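Okay, structure first, notes after.
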Amino acid sequence: MATQTGLLAQVLVSLVSNSADAIPPDRPGNVTIRIGPGAPGRACLEVEDDGMGMTPDVMARVFDPFFSTRLSRHGAGLGLSIAHSVVKAMGGTITARSEPGKGATFRVEIPEASGTPVEGTGFAPLPT
Ligand SMILES: Nc1ncnc2c1ncn2[C@@H]1O[C@H](COP(=O)(O)OP(=O)(O)OP(=O)(O)O)[C@@H](O)[C@H]1O
Ligand SMILES: [Mg+2]
C-alpha cells in the first residue's frame, strides 16, 4: 500500500516539475518550497516559482484531467489532476495563485498527523 508520505512526495515532485517547466529557458529561475502550519489543525506545503505564471482561464482548468498547455512537449496533463485526487483523499485542499508573468504558487493543506509515526515511513519525531 502506498504510504501517505510516498503520495505526498509524488505531489511535491509534480509541483516542482511544473515550476521547472514554467521557467523560461533564457534565464535562471527560483523555486521555493515552504512547509509549516496552515489553518488550525492543518499542515501546509507551498511550492512557489517566478516562472511565466498563468492566465485566469488556464488557472481555472489546471486541475482538470488531460489539461495541458505543453502538449507539444508531451505533457499528459495529469500531474495536477492526480495531485488533486491524492490531496482530496487525505481530506486536504490544493489551490493555485498566479498572474501572467508573475510566477505561480500552489498551496497544499492537509490535516495534521496525530499520534506516532507509522512504522516504515523512515521518519521519527524531532527531539524537542
Ligand atoms: N507552476 C506553474 N506555472 C505555470 N503554469 C503551470 C504551473 N503548474 C501548472 N501549470 C499549468 O497547468 C497545466 C496542467 O499541469 P499538469 O501538471 O496537470 O500537466 P502537465 O505538467 O502539462 O503534464 P504532466 O504533469 O502530465 O506531465 C500545465 O500544462 C500548465 O499550463
Ligand atoms: Mg505537470
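List the chymotrypsin sites (Phe, Trp or Tyr not before Pro) within the stretch 9-85 that fall in a DSSP loop (any state other than H, G, I, E or B) and whose Cβ has at most 13 other Cβ atoms within 10 Å.
Values: sites: Phe63, Phe66, Phe67; in loops: Phe63, Phe66, Phe67.
Filter output for the stretch 9-85: Phe66.
Apply the a/c threshold of 1.5 to the C-alpha gyration tensor of the chain and tell me whether it is rounded, prolate or oblate.
Prolate, since a/c reaches 1.5 and a/b exceeds b/c.
So for the chain, averaging the separation of alpha carbon pairs under 8 Å that are six or more residues apart and normalising by length, what relative contact order in percent results?
Contact order relative to length: 26 percent.
Values in this text are rule-based calculations from the coordinates and carry no lab data. Only a predicted model underlies this, so the values are computations on that prediction, with no experimental measurement involved. Neighbour counts are summed over all protein chains in view; Cβ atoms, including those assigned to glycine, are modelled from backbone coordinates with ideal geometry.
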